[in-house]
Amino acid sequence: MSGALSARVMIVDENRDVSTTLGVLLELHGAVVEVHDDGHVALTRIDAFQPVVVLIDLGMPRMD
(Lines give C-alpha, C1' and ligand atoms only; values in the text may rest on other atoms or scores of the structure.)
Protein backbone atom coordinates (compact mmCIF):
# COMPACT_ATOMS: atom_id res chain seq x y z
CA MET A 1 0.00 0.00 0.00
CA SER A 2 1.38 3.38 -0.96
CA GLY A 3 1.96 5.71 1.99
CA ALA A 4 1.67 2.94 4.58
CA LEU A 5 2.66 3.75 8.14
CA SER A 6 5.03 1.63 10.17
CA ALA A 7 4.84 3.50 13.48
CA ARG A 8 3.74 2.55 16.96
CA VAL A 9 0.94 4.92 17.97
CA MET A 10 -0.69 5.27 21.38
CA ILE A 11 -4.08 6.98 21.56
CA VAL A 12 -5.30 8.25 24.95
CA ASP A 13 -8.87 9.59 25.06
CA GLU A 14 -11.86 8.84 27.29
CA ASN A 15 -14.17 8.94 24.25
CA ARG A 16 -13.87 5.30 23.21
CA ASP A 17 -15.81 5.77 19.97
CA VAL A 18 -13.36 8.39 18.72
CA SER A 19 -10.19 6.67 19.93
CA THR A 20 -11.20 3.24 18.66
CA THR A 21 -12.21 4.61 15.25
CA LEU A 22 -8.94 6.51 14.93
CA GLY A 23 -7.04 3.41 16.01
CA VAL A 24 -8.72 1.27 13.37
CA LEU A 25 -7.97 3.84 10.66
CA LEU A 26 -4.31 3.97 11.66
CA GLU A 27 -4.09 0.16 11.75
CA LEU A 28 -5.57 0.00 8.24
CA HIS A 29 -2.60 2.13 7.16
CA GLY A 30 -0.08 -0.16 8.83
CA ALA A 31 0.42 1.41 12.26
CA VAL A 32 0.63 -0.65 15.43
CA VAL A 33 -1.88 0.98 17.79
CA GLU A 34 -2.68 0.85 21.48
CA VAL A 35 -5.79 2.68 22.75
CA HIS A 36 -6.39 3.73 26.38
CA ASP A 37 -9.20 5.68 28.01
CA ASP A 38 -7.25 6.43 31.20
CA GLY A 39 -4.09 8.55 31.37
CA HIS A 40 -2.71 6.64 34.36
CA VAL A 41 -2.99 3.32 32.53
CA ALA A 42 -1.36 4.83 29.44
CA LEU A 43 1.59 5.97 31.54
CA THR A 44 2.10 2.43 32.83
CA ARG A 45 2.23 1.14 29.21
CA ILE A 46 4.63 3.72 27.71
CA ASP A 47 7.84 1.80 28.48
CA ALA A 48 6.53 -1.57 27.29
CA PHE A 49 4.80 -0.30 24.13
CA GLN A 50 7.40 2.36 23.20
CA PRO A 51 5.20 4.46 20.91
CA VAL A 52 6.73 6.79 18.33
CA VAL A 53 3.62 8.99 18.46
CA VAL A 54 1.16 9.58 21.31
CA LEU A 55 -2.17 11.28 20.58
CA ILE A 56 -3.61 12.56 23.87
CA ASP A 57 -6.85 14.24 24.78
CA LEU A 58 -5.74 17.14 27.00
CA GLY A 59 -8.95 17.49 29.01
CA MET A 60 -9.45 14.02 30.46
CA PRO A 61 -11.13 13.16 33.78
CA ARG A 62 -8.71 12.47 36.65
CA MET A 63 -5.68 13.61 34.62
CA ASP A 64 -5.06 16.64 32.41
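Observations on the model:
- For the chain, the solvent-accessible area of protein heavy atoms averages 67 Å² per residue (probe radius 1.4 Å; ligands and nucleic acids excluded).
- Carbon and sulfur %, accessible surface of the chain computed with the full protein complex present, 1.4 Å: 58
- Ranked packing of 42-53, 26-37, most packed first, by mean Cβ within 10 Å: 26-37, 42-53
- Both radii come from the Cα set of the chain: Rg as radius of gyration, Rh as Kirkwood radius; their ratio Rg/Rh reads 0.99.
- DSSP-defined beta bridges in the chain - what % are antiparallel, rounded to 5: 10
- Amide H partners (placed H, <5 Å) of V32, local residues excluded: A7, R8, V9
The values are calculated or read from the model by the stated rules, or taken from the named source; none is laboratory data. Here the structure is a predicted model, which means the values were calculated and not measured. Please note: Cβ atoms are built from the backbone with ideal geometry, for glycine as well, and neighbour counts cover all protein chains shown. Side chains included, ligands, DNA and RNA excluded: accessible areas come from the protein's heavy atoms. Shrake-Rupley method; radii C 1.70, N 1.55, O 1.52, S 1.80 Å.
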